[in-house]
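Below is one structure, written out as structure tokens, with a few remarks after it.
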Amino acid sequence: MDTTTKHADIATHLLEQATAVVEGSFYQLRDEVLTAEQLFDIRIRLGDMADVLEEACKHIEQAQRLVETESAE
């Protein structure tokens, strides 16, 4: 597995995690009457996913840089 694919695979995994949390939070907010504690938990989970998205972006940037380098050669 080359480095570009490795970075893309990691980013994909991280984005899958974030998608699941965001989607679950969306449906929970839309479909349920929530307590303050449940709303707090959603807010914390979504905040954590912001960090996950930032990490995914870093891996995507690394893949981009590798592709740019390969294209320049």
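Structure notes:
- Boolean, Thr69 is surrounded by 11 or more Cβ atoms within 10 Å (Cβ to Cβ), among the hydroxyl-bearing types (Ser, Thr, Tyr) and in a helix (DSSP H, G or I): no
- Scan of segment 20-35 for residues that are open to solvent by 80 Å² or more (accessible area, probe 1.4 Å) and assigned to a helix (DSSP H, G or I), ordered by number: Glu23, Phe26, Tyr27, Leu29, Arg30, Asp31
- Residue pairs whose Cβ atoms lie under 8 Å apart, sitting 6 or more positions apart in sequence or on different chains, and linking a residue in segment 9-36 that is closer than 15 Å to Met49 by Cβ to a partner that is open to solvent by 40 Å² or more (accessible area, probe 1.4 Å) and among the hydrophobic types (A, V, I, L, M, F, W, C), are Ala11/Cys57; Ala11/Ile60; Leu14/Leu53; Leu15/Leu53; Ala18/Leu53; Val21/Leu46; Val22/Leu46; Ser25/Leu46.
- Failed criterion for Asp48 (all others in (1) loosely packed, with under 14 Cβ neighbours inside 10 Å; (2) more than 23 Å from His7 (Cα to Cα) hold): (2)
The values are calculated or read from the model by the stated rules, or taken from the named source; none is laboratory data. All values derive from a computational prediction rather than experimental measurement. Because the Cβ atoms are built from the backbone with ideal geometry, glycine has one as well, and the counts that use them run over all protein chains shown. Calculation scope for accessible area: heavy atoms of the full protein, side chains included, ligands and nucleic acids excluded. Shrake-Rupley method; radii C 1.70, N 1.55, O 1.52, S 1.80 Å.
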